[in-house]
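Visitor: Pasting a structure here, questions to come.
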Amino acid sequence: MNKRCILSVRDLHVVFRLRNRKLHALRGVNLDVYEGETIAIVGESGSGKSVLNKNFIGLLDNNGRITGGSIRYYPRIWEHLGREKDRGEDEQGEYVELAGLGRSKNWRGIRGGQVCMIPQDPMTSLNPLKTIGWQLTEALKLNRGLRGQQAYDEAIRLLEDVQIDNPEERYWQYPHEFSGGMRQRVVIAIAIACNPRILICDEPTTALDVTIQAQVLQLIREVKEKYGLTVIFITHDLGVVANVADRVAVMYAGEIVEIGRTEEVFFKPQHPYTWALLSSLPQLGTKGEDLLAIRGTPPNLFKEITGDAFAPRNPDAMLIEHLAEPPVFEVSPTHSARTWRLDPRAPESKPPRPIRKLKKLGGERDA
Amino acid sequence: MPEDNREVLLSVRDLRVAFGSRRHRFEAVKGVSFDIHKGETFGIVGESGSGKTTIGRAIIRVYPAAAGSVTFHGKQISGELSAADRHWVTDKIQMIFQDPMASLNERAKIDYIVSEGLLGRGLGKIEIRARVAQALRDVGLLPEFATRFPHEFSGGQRQRIGIARALVMNPELIIADEPISALDVSIRAQVLNLMRKLQQERGLTYLFISHDLSVMRFICDRIAVVHKGEIVELADTETLFRRPLHPYTQALLSAIPIPNPVMERQKVLKVYDPSCHHYEGDPPVFTEVEENHFLLANYEELAKLQGRWA
């Protein structure tokens, strides 16, 4: 893969201060996002997947702070991005350092213009007092300087793009006149109105029905193709990921424990946590048998974590997993995982049955 | 599975539920009929607005039935009931709700939340406490949790509390309205396993309401597909998945996310368009097209189907 890197995260640490205690939400995240791909970030609630993404648009909560690491964004055009001291150049090209931007005002030009986000719940992300048209043209005004008839025409075109029937009529309607799926389409229209390069979708379909979910996922795929976007897709449901993602990163307790191409993560998963996530899907369960549920709860990030964060919940954890933090092992040039299982000294361990079932499916395709 | 000689626990006949006054009358449920057998898990699947939740709530008497009847153990439970019969219904039929964040009283302790149904039934304090403790243990929580407030629990634990609240009444039928939709995938598995375990131990019957067919396939014995207040198809789970006949069922099935990137990319999404039916002059009837497989179709569609099978 010699694609151009668009976003590069190196050893990112984020700490929240809560009632005078420190919550270590991100514990050294490394991630490269390439231009034009769809990368899915999967994890349970509290794994840090949303916190990671909030860093990309400068919406970290006030009590949160980046305590280490860097986020480099490689823009296409240089102007108006960040302050002089935030810019630099490395072997990948010219970049803007997002980790140091801090205050809101420095984010202008990047947030919206370069990176956009589709929030989870379309019921709460639209203003109920303004018409859909008003909300769409607001984005066009602020980000692209369109006014009057021009803005109206563009808004209608965008509504057509997200497959809303009768856009001229819908333009004057309020959010309550739209169904959940339609509202999410409007939110997508507003996001692409800013002409961003990166689109972050934060669980865009969890509040929706399965049928609508499938349609919205398809729409995101189409919009991505049409506008040449890079999509970062956050979800807790690995079932959804297979549909949209080129690559999958699995997050647990503030770090990425496994990352690889979608086929690799689904058919040859390495980390016990990825195994557990996959085997808890009812689609892979055998009727009349228990699903393989993950025991316990995610670790308390107020405390220092020793060893592999997943070890306490892993019934087959080796002693070393409780004691020392595993390094990143490369499985293939595109696939790596952070688990002692991959150490050459580790004994052979067998993934649970649903995983082997999946693997068989994948093996047939590979051959 | 021998279906026919199984005892019918709950029987719904031509149930209609309507909202609003005469001028703005909206019929949310337009005459549904089904039986639930003792010990089975019966699923109702449909999109939001299809009326699936309304059916469940009409059974438990939250909404009055506008027409039709609901019988439980052969006794009618819709319409006017005596106080004793009402108590009997609430004892025997219980409900688990969708959002564990919203369905527990934030200001009450777990002890009260779980025991509320037992109050006013002439039970002593000690017995109530014992039953609450037992219910909490049954769902895998510690009896000590009874003195805590809901905000101290995670989503999965809260849903367990919701289940304990239903269990404490010793019900025979539990109506589970999207019990896992609001939970993380990993927690879903825990709750599903718990529900299955309780069913085996106590011989519970479930009416499971959801929009997600992938979960339904895993836990339901029979599934009814609801569209706009009508059951369009009803069959054994495996029959429904192998031979979906109604175009709406086919659309629902095509929307299930498959955790397999290769299959998922080849998948063709079907969208249901109600205009594919020609029901003017030839209204659809709910017909048994093969054993235990019911379909809402008109004469023309049935003839076509027969032609395909012959």
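Visitor: Quick check on the stretch A:280-305: of everything there that is of a type in the set (A, V, I, L, M) and more than 9 Å from chain B (Cβ to nearest Cβ), which residue is farthest from A:GLY48 (Cα to Cα)? Reasoning before the result, please.
Guide: So the first thing to find is which residues in the stretch A:280-305 are of a type in the set (A, V, I, L, M), and the list is A:281, A:284, A:291-294, A:301, A:305.
The next check asks that each one be more than 9 Å from chain B (Cβ to nearest Cβ); those that pass are A:301, A:305.
Numbers: A:LEU301: 10, A:ILE305: 15 Å.
It comes out as A:ILE305.
Visitor: While we're looking at this one, here's another question. Can you tell me which condition B:ARG196 does not meet? The list is (1) at pLDDT below 90; (2) at the interface with chain A (Cβ under 9 Å from one of its Cβ atoms); (3) under 17 Å from the mean Cα position of the chain (by Cα), and all the others hold.
Guide: Answer for B:ARG196: the failing condition is (1).
Visitor: Still on this structure, I have one more. Among residues belonging to the stretch A:60-101 that are surrounded by 14 or more Cβ atoms within 10 Å (Cβ to Cβ) and among the hydroxyl-bearing types (Ser, Thr, Tyr), point out the one that is nearest to A:ASN30 (Cα to Cα).
Guide: The selected residue is A:SER70.
Visitor: Which number in (1) under 15 Å from the mean Cα position of the chain (by Cα); (2) within 14 Å of chain A (Cβ to nearest Cβ); (3) surrounded by fewer than 22 Cβ atoms within 10 Å (Cβ to Cβ) marks the one condition that B:ALA182 misses?
Guide: (1)
Visitor: Quick test of your reading of the structure: A:ARG19 fulfils all but one of (1) touching a strand residue (DSSP E or B) at 6+ places or on another chain (Cβ under 9 Å); (2) within 30 Å of B:SER154 (Cα to Cα). Name the failing condition by number.
Guide: Of (1) touching a strand residue (DSSP E or B) at 6+ places or on another chain (Cβ under 9 Å); (2) within 30 Å of B:SER154 (Cα to Cα), only one is false for A:ARG19: (1).
Visitor: Out of B:GLU127, B:GLU144, report the one residue that is surrounded by fewer than 18 Cβ atoms within 10 Å (Cβ to Cβ) and modelled with pLDDT under 90.
Guide: Numbers: B:GLU127 fails: modelled with pLDDT under 90.
Sole residue among the options that is surrounded by fewer than 18 Cβ atoms within 10 Å (Cβ to Cβ) and modelled with pLDDT under 90: B:GLU144.
Visitor: For B:SER115, indicate whether it is crowded, with 17+ Cβ neighbours inside 10 Å and more than 14 Å from every other protein chain (Cβ to nearest Cβ).
Guide: Values: crowded, with 17+ Cβ neighbours inside 10 Å: yes; more than 14 Å from every other protein chain (Cβ to nearest Cβ): yes.
Judged against the criteria, B:SER115 is a match.
Visitor: Consider only pairs whose beta carbons are under 8 Å apart and that are at least six residues apart or on different chains; among these, list those whose first residue lies in the stretch A:306-335 and is within 12 Å of A:VAL257 (Cβ to Cβ) and whose second residue is among the β-branched types (Val, Ile, Thr) and loosely packed, with under 13 Cβ neighbours inside 10 Å.
Guide: Listed by first residue and then by second, the contacts come to A:GLU325/A:THR306.
Visitor: Report the residue count in the stretch B:271-286 for those that are surrounded by 17 or more Cβ atoms within 10 Å (Cβ to Cβ) and within 11 Å of another protein chain (Cβ to nearest Cβ).
Guide: Within the stretch B:271-286, residues that are surrounded by 17 or more Cβ atoms within 10 Å (Cβ to Cβ) and within 11 Å of another protein chain (Cβ to nearest Cβ) number 1.
Visitor: Give, as residue ranges, the strands (runs of 3 or more DSSP E) completely inside the stretch A:224-285 that count at least 2 residues that are under 23 Å from A:ALA191 (Cα atoms), among the polar types (S, T, N, Q) and in contact with an Asp or Glu (Cβ under 9 Å, 6 or more places away or on another chain). Outline the logic, then answer.
Guide: Working: elements: A:230-235, A:247-252, A:255-261.
Filter on the stretch A:224-285 gives A:230-235.
Visitor: Kindly indicate whether any position in the stretch B:256-269 is surrounded by fewer than 16 Cβ atoms within 10 Å (Cβ to Cβ), over 28 Å from the mean Cα position of the chain (by Cα), at pLDDT below 85 and more than 26 Å from A:LEU219 (Cα to Cα). Even if it seems obvious, please write down each step before you answer.
Guide: As a first pass, look at the stretch B:256-269 and keep what is surrounded by fewer than 16 Cβ atoms within 10 Å (Cβ to Cβ): B:263, B:265-266, B:268-269.
Applying the additional criterion that residues be over 28 Å from the mean Cα position of the chain (by Cα) yields B:263, B:265-266, B:268.
Narrowing the set further to residues that are at pLDDT below 85 leaves B:263, B:265-266, B:268.
Those left that are additionally more than 26 Å from A:LEU219 (Cα to Cα): none.
Within the stretch B:256-269, not a single residue is surrounded by fewer than 16 Cβ atoms within 10 Å (Cβ to Cβ), over 28 Å from the mean Cα position of the chain (by Cα), at pLDDT below 85 and more than 26 Å from A:LEU219 (Cα to Cα).
Visitor: What residue, among those in the stretch B:200-216 that are more than 23 Å from B:THR249 (Cα to Cα) and in contact with an Asp or Glu (Cβ under 9 Å, 6 or more places away or on another chain), is nearest to the other protein chains (Cβ to nearest Cβ)?
Guide: Once the filter is applied, the top-ranked residue is B:GLU201.
Visitor: Here's a follow-up. Between B:GLN250, B:GLN306, which is part of a helix (DSSP H, G or I), without any contact (Cβ under 8 Å) to a residue 40 or more places away in the chain and within 14 Å of chain A (Cβ to nearest Cβ)?
Guide: Working: B:GLN306 fails: within 14 Å of chain A (Cβ to nearest Cβ).
Step by step, each of B:GLN250, B:GLN306 is checked, and only B:GLN250 is part of a helix (DSSP H, G or I), without any contact (Cβ under 8 Å) to a residue 40 or more places away in the chain and within 14 Å of chain A (Cβ to nearest Cβ).
The values are calculated or read from the model by the stated rules, or taken from the named source; none is laboratory data. Not measured: the values here are computed from a predicted model. Every residue, glycine as well, gets a Cβ built from its backbone with ideal geometry; the counts of neighbours run over all protein chains shown.
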